[in-house]
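Novice: Pasting a structure here, questions to come.
The values are calculated or read from the model by the stated rules, or taken from the named source; none is laboratory data. Just so it is clear, the model here is predicted, and its values are computed rather than measured. Cβ sites come from the backbone with ideal geometry, for glycine too, and all protein chains shown count toward neighbours.
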């Protein structure tokens, strides 16, 4: 059987979706602009807009978040690249200048998140702001940015999972993806006359999961028991989904030769941290409230 796809086509056959000539970039006045970078940029901008709006709704100064976003964006991009390069060093050690080439992808969201939280801690201290309140506000915008940003991976034909014939199975031309991302399991299903792979669209899974995390945050934020709880909800909620989705991906960043996916391990640790910290703070506040009531009764 001869089944072929165009070099720039993307298909979701079981959903009846066939996209033809989907480009990775476009040209404006002779300058090549990658959709990956454009979509990431749109996600960042909308994320900051959402965070600023959330700040206004909660009685904070939105300008603080616009100011903070300048530093957060810069250091998050650096953090995302450092994280990716650190755990795929073999791809860069012989050509260090390639570290600076981010046009083809090679950014890790957890690196960006870690850098953003470090930047927030420093910024809040210097500007004398409540770090935990800013974290609660900022993660609303962060998850919006992640929802959108994952479609940059879609345009780049990357961040996909193992072979599947499920409802959401995605087909990509073999020549459009990196050879290193084609696992043995995927290769085993490439038959004669077929020029595509059929895989889990993990970018889509993560984007949809983040929509659920966002809805959960929006439903719960008025009921939070303490400053920082929404941030913990984000860390635990996102981590729970990422721990599952990362296990499907073929481009996992692993710790040395251990075969352990670093982002999957980090996701699990963050879920444990978020649950444990939430319980600890609630118990502390309950104990503090009980002590106050006993003092009032004396």
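For every residue, the table says whether it meets (1) farther than 30 Å from residue 54 by Cβ; (2) touching a strand residue (DSSP E or B) at 6+ places or on another chain (Cβ under 6 Å); (3) modelled with pLDDT of 95 or more; (4) surrounded by fewer than 20 Cβ atoms within 10 Å (Cβ to Cβ).
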| site | (1), (2), (3), (4) |
| --- | --- |
| 216 | no, no, yes, yes |
| 231 | no, no, yes, no |
| 238 | no, no, yes, no |
| 259 | yes, no, no, yes |
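Novice: Please specify each residue of the stretch 43-66 satisfying the condition of being farther than 14 Å from residue 146 by Cβ, touching a residue at least 12 places away in the same chain (Cβ under 8 Å) and part of a helix (DSSP H, G or I).
Specialist: Across the stretch 43-66, the qualifying residues are 49, 52, 54, 55, 64, 65, 66.
Novice: Select the helices (runs of 4 or more DSSP H) contained entirely in the stretch 146-249, then report the ones holding at least 2 residues which are out of contact with any helix residue (DSSP H, G or I) (no Cβ under 8 Å at 6 or more places or on another chain).
Specialist: Because the criterion is at least 2 residues that are out of contact with any helix residue (DSSP H, G or I) (no Cβ under 8 Å at 6 or more places or on another chain), the helices (runs of 4 or more DSSP H) in the stretch 146-249 that meet it are 184-187, 202-220.
Novice: If you don't mind, there's one more thing I want to ask. On the basis of being touching a residue at least 12 places away in the same chain (Cβ under 8 Å) and either closer than 22 Å to residue 154 by Cα or surrounded by fewer than 13 Cβ atoms within 10 Å (Cβ to Cβ) (or both), does residue 40 make the cut?
Specialist: yes
Novice: Looking only at the stretch 124-138, decide whether some residue is more than 23 Å from residue 60 (Cα to Cα) and in a helix (DSSP H, G or I).
Specialist: The answer is no, given that none of the residues of the stretch 124-138 is more than 23 Å from residue 60 (Cα to Cα) and in a helix (DSSP H, G or I).
Novice: Sticking with this one: If residue 37 satisfies all but one of (1) in a helix (DSSP H, G or I); (2) farther than 27 Å from residue 201 by Cα; (3) at pLDDT below 95, what's the number of the condition it fails?
Specialist: (2)
Novice: Also, I was wondering about something else. Quick check on my filter: what residues within the stretch 154-185 are closer than 13 Å to residue 10 by Cα and under 14 Å from the mean Cα position of the chain (by Cα)? Write out each step before concluding.
Specialist: The initial filter retains those residues of the stretch 154-185 that are closer than 13 Å to residue 10 by Cα, namely 154-158, 160, 168-177.
Result: 154, 158, 160.
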